[in-house]
1. Does any residue of the range 269-282 turn out to be modelled with pLDDT of 95 or more, out of contact with any strand residue (DSSP E or B) (no Cβ under 7 Å at 6 or more places or on another chain) and either under 15 Å from residue 317 (Cα atoms) or assigned by TED's automatic domain parsing to the domain that holds residue 325 (or both)?
2. Check the range 139-152 and report whether any residue there is in contact with a helix residue (DSSP H, G or I) (Cβ under 7 Å, 6 or more places away or on another chain), assigned by TED's automatic domain parsing to the domain that holds residue 182 and part of a helix (DSSP H, G or I).
3. In the same structural domain as residue 42 (by TED's automatic domain parsing), within 25 Å of the chain's Cα centre (by Cα) and assigned to a loop (DSSP other than H, G, I, E, B), is that true of residue 130?
4. When you look at residue 100, is it at pLDDT 90 or above, outside the structural domain of residue 325 (by TED's automatic domain parsing) and surrounded by fewer than 20 Cβ atoms within 10 Å (Cβ to Cβ), yes or no?
5. Can you tell me which of 341, 315 is over 17 Å from the mean Cα position of the chain (by Cα) and crowded, with 24+ Cβ neighbours inside 10 Å?
6. So which of 50, 115, 94 ends up being in contact with a helix residue (DSSP H, G or I) (Cβ under 9 Å, 6 or more places away or on another chain), within 27 Å of residue 397 (Cα to Cα) and surrounded by fewer than 22 Cβ atoms within 10 Å (Cβ to Cβ)?
7. Can you work out which of the residues in the range 128-170 that are touching a strand residue (DSSP E or B) at 6+ places or on another chain (Cβ under 7 Å) and touching a residue at least 40 places away in the same chain (Cβ under 8 Å) is surrounded by the most Cβ atoms within 10 Å (Cβ to Cβ)?
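The values are calculated or read from the model by the stated rules, or taken from the named source; none is laboratory data. Everything quoted here is computed from the prediction, not taken from an experiment. So basically every Cβ, Gly included, is an ideal-geometry build from the backbone, and we count neighbours across all protein chains shown.
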């Protein structure tokens, strides 16, 4: 058995004021033929990722709907954790310097975890690519007891071909694949059914729950942010891919006309790769010499509540660059009626509708122009904010995600097992 994640029970009724009775009744209807279905969700980590956030919210609610839903994390040690991170970077199109030794560690890791698979489930959903070969290492009888589904939460369109070849044959033995966007498959070819299930936010999670203005002023004040002055923010890792230096360039342009402006860069993660340290240090150096600019990170005990508050306090949130992936944290800001100005990368354009929930921009000049317009037009900010919240409610909240997932499970369990 793997590491079983113990989760606090949740009730769908908590979401009644948000989504309404009709949506909850529809979820109950979809779940009716799945009562008692044993579902294992298998992932690499239990926290710190978008996948973990989705599972921590969705698994208890699927249980509330009558499914026997579990979440387990595969076993690993320091060496395999390092290799798993390198595999993730390679599949996401990053530089991982993959080598034969890493391949051997990954194969040993897979075989070891296959030996720990000792329970019966109707459906096994593997949410990360690193453990997907476990199915191939199981005895035939174990393979055939379950429907095996692969849910990719990363963009594979620029995956390292050598690393992808390690997984491809194993993944072709699955029953179906789930992706967040069609384009995330890139040039990958498969005859298997592919279902698109975009990610979602949990409106009742710490990062999105309602917080009083008094608490906002108190907590943000500890970090030097003045809630009486205009604020803009970017929530992202301080890495070249997220272009924090570009966000600073936008801020410097804006301050020429709005010297009262503040900037908050919320670092969702700090550099793990030594190659990223010089970039982080350059960002920190620039911020240290800029009045009104702040870096908030986990070194300052910054977490979901602080992200929540910064997004609520900001006139607008920007995302300078997102080469791949969905960037669902932008929907967090839109849910709080905060417009977003973002580069049209990955899944951003499905969330940021130009002129409706925010603006799409490519250059520093475009970012600065749109941000200045928002700073000078509070009525338009309010209009975008209401539109953004409604867009998220319609397309990117947890109840919509549950509806999609129940549909996948109904479709797959209606078929014979492999």
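1. No - not one qualifying residue is present in the range 269-282.
2. yes
3. So residue 130 passes the test.
4. So residue 100 fits the description; yes.
5. Checking each option against the conditions leaves just 341.
6. 50
7. Checked the range 128-170; the qualifying residue surrounded by the most Cβ atoms within 10 Å (Cβ to Cβ) is 148.
So that you can scan it fast, the table gives a plain yes or no per residue for (1) surrounded by fewer than 18 Cβ atoms within 10 Å (Cβ to Cβ); (2) without any contact (Cβ under 8 Å) to a residue 12 or more places away in the chain; (3) farther than 23 Å from residue 249 by Cα:
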| position | (1), (2), (3) |
| --- | --- |
| 356 | yes, no, yes |
| 371 | no, no, no |
| 376 | yes, yes, no |
| 392 | no, no, yes |
| 395 | yes, no, yes |
| 399 | no, no, yes |
| 402 | no, no, yes |
| 407 | yes, no, yes |
| 410 | yes, no, yes |
